[in-house]
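Below is one structure; the comments refer to it alone.
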Amino acid sequence: MVVVMSADAEEADVKAVVAVVEGAGGEAFVSRGVNRTIVGLVGDVEQFGTLNLHALRGVSDVIRISVPYKLVSRENHPDRSVVRVGGVPIGPGTMTLIAGPCAVETPEQTLQAARMAQAAGATLLRGGAFKPRTSPYAFQGLGEKGLGILADVREETGLPIVTEVVDANDVELVASYADMLQVGTRNMQNFALLQAVGGIGKPVMLKRGMNATIEEWLMAAEYIAQRGNLDIVLCERGIRTFEKATRNTLDISAVPVAQRLSHLPVIVDPSHSGGRRDLVLPLTRAAIAVGADGVIIDVHPSPETALCDGPQALVDEDVRELAATARDLPPMVGRTLTTV
């Protein structure tokens, strides 16, 4: 069982919960986040149910556990959640388009890509300042300089920023610029990083690990939630299989499965799953049709010179088709394209 404290709960309120639980012969483990404090209870669940913990001052919710990912579980939170990033909603009823360059290279390239994203209907700007790459010789990103470029482009376009953080030591730095922190596939089980982003008070996009099961993905989200941050968006970005025809295999079934198991929004990355420009739009249509809460897509003004993932980046003619898809397809599945 888990006790979720309200945002305005005081230390005395937390201590009171702990005292009641321990007085009933149980154990209480306190986890403090930026937005809220969570108290995990170990002991006789039936006994805890008689304690009327809901009535204690500062208690927001009491959740009974039957799955290991207790805080992100749909079982304990039947209504699906909406996560807001710089005022932009991601969740049921809407389809949110996130787009931009895979990597920030120059101010000009990033601004041009942001304009392309806006033309497609995007309300959030993606862009990597820190790039974890398979090869140590590949472009690793501009670091803080790239974050500064993203901040300037946000000022110019009004698009909130989604950008990746790859090291727990950089979380505060990245959070000082970004509106949403992305944890990439290679870091899905970097538990120190998950705990760090959970405690920073910014929305988090958690990409599924390329070799991860859905339960492992949700358990990774639980690490973030356990630090008090429930503003988490899950991102299916393709898994590694024996198939070589695509960069990864998009597990489109993961969208409804994750939505059934968890109250968190679920989006799809058709760029990194297919790995080829010609696959991005078909996979985007599939994501919308299956009920994804959004998509995150690479665009680039000159993909032939891109320092990262040029073959999958959409160009101007693709952006026009993407705009039509994002406008016309969501209403057919009971959604509307998110606008600002």
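Readers should treat all values here as calculations from the given coordinates under stated rules, not as data from a laboratory. What you are looking at is a predicted structure, and each value in this text was computed from that prediction instead of being measured. So basically every Cβ, Gly included, is an ideal-geometry build from the backbone, and we count neighbours across all protein chains shown.
Cross-linked pairs Lys145/Lys207; Lys131/Lys244; Lys70/Lys207; Lys207/Lys244; Lys70/Lys131: Cα-Cα separations exceed 26 Å for Lys70/Lys131.
For the chain, what is the mean residue ellipticity at 222 nm derived from helices alone (per DSSP H run of n ≥ 4: -39500 (n - 2.57); sum divided by total residues; nearest 500 deg cm²/dmol)? Let's see the in-between values first.
Details: 11 runs with 113 residues, N = 340.
It lands at -10000 deg cm²/dmol.
Ranking of Lys145, Lys202 by neighbouring Cβ atoms within 10 Å, starting from the fewest: Lys145, Lys202. For the pair Asp167 and Arg327, the difference between a 0.36 nm per residue extended length and the Cα-Cα distance amounts to 53.9 nm.
Note down the net charge around Val255, summing +1 for each Lys or Arg and -1 for each Asp or Glu among other residues with Cβ under 9 Å from its Cβ.
-3
Extension gain, Arg276 to Asn211: 0.36 nm times the residue separation minus the Cα-Cα distance gives 21.4 nm.
When only C-alpha pairs under 8 Å and at least 6 residues apart count, what is the relative contact order of segment 196-340, in percent?
Rounded, it is 17 percent for segment 196-340.
Using C-alpha pairs below 8 Å separated by at least 6 residues, the relative contact order for the chain is 19 percent. Our note on the geometry: Cα centres of segment 103-131 and segment 34-86, 38 Å apart. With the highest mean first, a sort of the peptides 122-129, 313-320, 326-333 on other beta-carbon atoms found within 10 angstrom per residue produces 122-129, 313-320, 326-333.
Of the peptides 258-266, 12-20, the ranking by mean beta-carbon count within 10 Å, highest at the top, reads 258-266, 12-20. Look at (1) 67, 44, 43; (2) 66, 40, 40; (3) 73, 44, 43: the one that is Cα extents along the principal axes in Å derived from this structure is (2). Contact order for segment 103-246, expressed relative to its length and based on alpha carbon pairs under 8 Å spaced 6+ residues apart, stands at 17 percent.
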